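The values are calculated or read from the model by the stated rules, or taken from the named source; none is laboratory data. It should be emphasised that the depicted structure is a prediction, and the values quoted were computed from it without experimental measurement. Here the Cβ positions follow ideal geometry from the backbone for every residue, glycine too, while neighbour counts run over all protein chains shown. We work out accessible area using only protein heavy atoms, side chains counted, and drop any ligands, DNA or RNA first. Shrake-Rupley method; radii C 1.70, N 1.55, O 1.52, S 1.80 Å.
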Amino acid sequence: IKHLQAGGTINIKNAIGQSGSVYLAIPSKGSGQARVPVQGSLKIFDAISADQKPIQTGEKIQVTDVVDNNTLVVKKVEII
């Protein structure tokens, strides 16, 4: 049973490749916030734009990298 217990610690690197949405607008230079599922929970992280283009609140994003323990690098997902 012990191996089934969760440590409760979120590994932000598990967010890479995940899709989510912008929670607080991300400016071209600077940070906003993104809502992304990680390890079975929906979490909000600081986020910066991968291509330095602004991304508005509610737009769909994908995580491409992480900068530190609370900042994601994201790109806007174009919906066709």
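Quick notes on this one:
- For the chain, with +1 on Lys and Arg beta carbons and -1 on Asp and Glu, the positive-most of ALA47, ILE79, ILE12 along the dipole: ILE12
- If you take all other residues with their beta carbon under 10 Å from the beta carbon of GLN62, and give Lys and Arg +1 and Asp and Glu -1, the sum is +3.
- Accessible surface of the chain, 1.4 Å probe: 50 percent of it comes from carbon and sulfur atoms.
- Average accessible surface for the chain: 67 Å² per residue, computed with a 1.4 Å probe over protein heavy atoms with every protein chain in place.
- One decimal place: the segment THR64-SER41 gains 6.4 nm when fully extended, by the rule 0.36 nm per residue minus the C-alpha distance.
- Global form of region 36-80, assessed from the alpha-carbon gyration tensor, a/c cut-off 1.5: oblate
- Taken along the Cα-to-beta-carbon direction at a fixed 7 Å, the label points for SER21 and THR9 span 3.2 nm.
- Per-residue ³J(HN,Hα) for region 56-68, Karplus 6.51 cos²θ - 1.76 cosθ + 1.60, θ = phi - 60°, Hz, x for Gly and Pro: 7, 3, x, 6, 7, 9, 10, 7, 9, 6, 10, 9, 8
- Normalised by 2.2 N^0.38 Å, with N the number of residues, the alpha-carbon radius of gyration of region 14-64 equals 1.01.
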